[in-house]
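Working notes, beginning with the structure itself.
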Amino acid sequence: MNPRNFWHLLSFIIILVLLLHISGCAAGPTKPNLPYAGDSYPAALTDLAQKNPLLIQELGRLPELQDGISQSEVIALDHFIETYNQQPEIFNNAFQKMYQVGKHEVREYCTPLQALFWLAEDEEIESLRSQIQDYSLRNLLDSSWIFDDRVKLEELDITDQEAKTIVASINKEVIWYAKHQKTAKDVVILCYNRNPNAIPRKYRELIERDKIYQKSKLIIDKNKLRWEKPEIVIDRLNAPELLDYYIDKNIVYAHYIPNYHRPYSSIIKQKYGDCDDLANFGRHVLTKAGYKVSGRRVGKRYCHIGTYIKLENGSYLLAVDLRRNGTNNMSGPYKTILEIDQALGYGHRFGPQRSEFYFDW
């Protein structure tokens with residue numbers, strides 16, 4: 001063989017193998033993280049391991065503990081253990097419900113348990129306790145998954161006189177939108193949240209030195225890091241109910257380019273998409289989570305697309321059904337594909353055509 005042809009062939013084979021590897025990693029299911037096996041677990045966890053070994057195993061799968069346990073994470077685990085020891089039976093019942101979310105034989109880790117750990121990490125101790133006492137997945141995510149990047153200033157510790165001084169320093173043409181606020185402090189909070197630069201620098205520094213501000217800013221910055229990397233977000237959304245919550249809280253409906261799937265990273269970072277963007281996104285996320293995923297299309301000229309999964313009992317769950325109002329209408333279970341299509345709008349909102357959607361653009 002000509003040496004040049006040999007090297008061309010070898011290069012082609014290498015590129016083909018790499019492409020197959022990349023595509024396989026992107027589409028195939030994950031597998032559980034190996035539990036952390038280091039020697040820096042707090043001593044109190046030894047006692048907890050005897051009481052609930054599954055809980056310790058799942059804690060060890062969390063990404064926060066996979067790279068070793070920092071001092072701040074030791075403190076978070078202390079809060080966690082203290083909460084457990086106060087009401088072990090109630091905690092165990094709540095954990096069992098968390099453990100059932102997603103496919104534990106496939107997912108990298110238990111996402112609700114991570115959300116609970118975040119409360120301990122953020123020293124939201126009262127919220128940590130209340131989530132255990134009256135557990136529901138939605139309430140837990142409401143308290144732990146923070147997507148808003150604005151600092152909460154409702155309890156800002158400045159005096160009324162300081163607030164009035166700050167308001168007097170702001171250009172009145174700039175703060176016309178705050179005229180209906182009841183107090184000067186309310187005006188300061190609204191103006192800062194809307195446009196910090198509208199407040200003169202020396203008064204911004206007064207606000208930003210406030211302890212409540214600094215604590216809130218620290219949590220906001222931490223949450224930005226938690227949701228920054230698309231691949232980490234995708235691994236976290238390892239159950240239909242988690243994906244449904246994420247879409248509802250974080251994605252705005254917007255339609256720009258027909259017949260084009262935007263990249264998953266673009267949807268996560270830009271926080272918008274239309275029904276086929278999110279159907280394709282859902283297909284990718286739920287396939288990685290170990291679900292058997294398919295798509296449906298109803299209508300012809302004006303159509304709507306959704307993603308469904310087949311459950312173990314043979315029924316179907318419509319997992320992604322993004323509407324123009326920005327909500328995801330996860331629904332089911334359904335006994336037939338026709339029922340899925342009817343939920344998507346076949347027969348009343350869209351025309352008579354319905355078909356499988358193959359995600360093959």
Subject >> Peptides ranked, highest mean first, by Cβ atoms within 10 Å: ranges 80-87, 308-315 >> reply: 80-87, 308-315
Subject >> Candidate values (1) 39, 31, 24; (2) 36, 21, 19; (3) 37, 30, 18, label of the one derived for semi-axes √(5λ) of the Cα gyration tensor in Å >> reply: (1)
Original post:
What size of dipole, in debye to the nearest 20, comes out for the chain about its Cα centre when the only charges are +1 on Lys and Arg C-beta atoms and -1 on Asp and Glu C-beta atoms?
Top reply: 1680 debye
Original post:
Helix 88-99 sits at what angle to the longest principal axis of the chain, using alpha carbons and giving 0 to 90 degrees rounded to 10?
Top reply: 40 degrees
Original post:
Give or take rounding to whole Å, what are the principal axis extents of the alpha carbon atoms in region 311-353, in descending order?
Top reply: 31, 25, 11
Original post:
Of C303, C110, C275, which is the most mobile in a GNM of the chain whose springs link Cα atoms less than 10 angstrom apart?
Top reply: C303
**OP:** Counting helices only, and only those DSSP H runs with n ≥ 4, report the 222 nm mean residue ellipticity of the chain as the sum of -39,500 (n - 2.57) divided by its residues, in deg cm²/dmol to the nearest 500.
**Re:** -16000 deg cm²/dmol
Subject >> region 239-357 - convex hull of the alpha-carbon atoms, volume per residue in Å³ >> reply: 92 Å³
**OP:** Looking at region 211-345, send over the antiparallel percent of its DSSP beta bridges, to the nearest 5.
**Re:** 85 percent
Subject >> Sparse-neighbourhood loop sites, GluC sites (Glu not before Pro) in region 196-261 - DSSP loop, at most 12 other Cβ within 10 angstrom >> reply: E228
Original post:
Pick from R209, R283, R107: which is most flexible by mean-square fluctuation in a GNM of the chain where alpha carbon atoms under 10 Å apart are linked?
Top reply: R209
Original post:
For region 301-337 and region 126-149, what is the separation of their Cα centres, given in Å?
Top reply: 26 Å
Original post:
Mean separation of Cα pairs under 8 Å and 6+ residues apart, divided by the residue count of the chain: what relative contact order is that in percent?
Top reply: 13 percent
**OP:** Can you pull the one-decimal nm distance between simple spin-label points at E173 and Q133, each 7 Å off the Cα toward Cβ?
**Re:** 5.3 nm
Original post:
Among the lysines, which have Cα under 27 Å from the Cα of K310 when same-chain residues fewer than 8 positions away are ignored?
Top reply: K31, K97, K103, K249, K288, K292, K300, K335
Original post:
What chymotrypsin sites (Phe, Trp or Tyr not before Pro) does region 192-295 have in DSSP loop regions with at most 13 other beta carbons within 10 Å?
Top reply: Y256, Y260
**OP:** Just grab the label-to-label distance for K300 and R349, each label 7 Å out from Cα along the Cβ direction, in nm (one decimal).
**Re:** 2.0 nm
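Every number in this text was worked out from the coordinates using simple rules, so none of it is lab data. Note that the structure is a prediction, hence the values are computed from the model and not measured. Cβ: placed from backbone, ideal geometry, glycine included. Neighbour counts: every protein chain shown.
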